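Q: Let me give you the structure first, and then I'll get to my questions.
None of the figures in this text is laboratory data; all of them are computed from the coordinates on show. These numbers come from a predicted model, not from an experiment. Because the Cβ atoms are built from the backbone with ideal geometry, glycine has one as well, and the counts that use them run over all protein chains shown.
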Amino acid sequence: MYEKAQIYYLNREIQFCQKQKIEKEYILVKEDGSGIDTLMVPRFTLNNSDVFSDVPSNEPLKPTPELILKAIKWGMILDIDYRGDEDDTIAGHHRVIYPLVYGYSKKNKPLIRGFHLKGWSVSKSGPVEKEWRLFRYDRILNVTFTGSFFRLAPEGYVTSDKGINTIVAYADFNDIRNLQQKLLNSDKIDTKDKMTLNKVSTVKVSTINFYTFAFSNLFKNNVIKKKDLKNTRLTFCKPLAESEQWCVILGISIDSNRTFKVQTEKGKVLGTFTSVKTIMGDAIEKEHITNIEGKTEFKAFIFISSE
């Protein structure tokens, strides 16, 4: 029988292989009394940008202060191998983070305040998601730029971090969005996928409770934010079973007339669908779209991965 750590490393290798096929899109989900508020994290595709020539995506690099500062400045989502105080593994453990504040402790040790999206916690003996963590720079073994960017501040973010004695840099989200917009305007990055899925048998998704995508009320419960709609890919799909509801998958483009199963990350099959139309979110207002083949309301899913 495998132990937790062994299973973690097996899963990590599988995820690494998958990442070579299609880069992940990381999404933060917060539950509150009124339902689920989803902060969409648009993924940008680098388009021969010299800005990031020194940090190619999906390539492990040795950490440097310059790399961390660049990640904070541009809003780059990082994949790190980290060996904490209580970690007895030589290779450390895998974390995916937003680096948000960089500075020094009272003992002049470099520190990073990060929002920990996914990864292994030694202290909790298992995987954890969406937590604030303070990382020691000298315990980061390597850094990989995921090819994805963040542009929204996670809940609880403050620039005056009490855990860091001397702050060198922090994420300014106005600057981050302006810098990313400049890259967009100069065609250095593209909001669309490098490839549209055209050979797909299964799409794994996260469901959005308490929300129906409706053209008459797109921003219900603040699930989709108007400012982020233009960077959100939408694929509308019809079910094979006539009794089922049409759906929209947020975050991916799929060629029309492709039939595939939709299932949750845990493997529960939600139905079989055929893709009908893919658009970028801003086309709804620009092209005055009010329905897709006469349908005005859809079940909403968030894309995770495909097979």
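Q: Around Gly271, which amide H atoms from residues at least 5 apart in sequence, or from another chain, sit under 5 Å from its own amide H, with H modelled in the peptide plane?
A: When sequence neighbours closer than 5 places are left aside, the close amide H contacts are Val262.
Q: Exceeding 29 Å between C-alpha atoms, which entries from my cross-link table qualify? They are Lys130/Lys295; Lys227/Lys261; Lys204/Lys225. Walk me through the numbers before you get to the answer.
A: Details: Lys130/Lys295 35 Å; Lys227/Lys261 31 Å; Lys204/Lys225 23 Å.
Beyond 29 Å between Cα atoms: Lys130/Lys295; Lys227/Lys261.
Q: Say R0 is 22 Å: what FRET efficiency, to the nearest 0.05, do Lys107 and Lys130 get from their beta-carbon distance?
A: Step by step, r from the Cβ atoms, then E = 0.15.
Q: Starting with the highest mean, order 53-62, 95-104 by the number of other Cβ atoms within 10 Å, averaged over the residues of each peptide. Working shown, then result.
A: Working: 53-62: 12.9, 95-104: 22.6.
Per-residue Cβ counts within 10 Å, averaged per peptide and sorted highest first, yield 95-104, 53-62.
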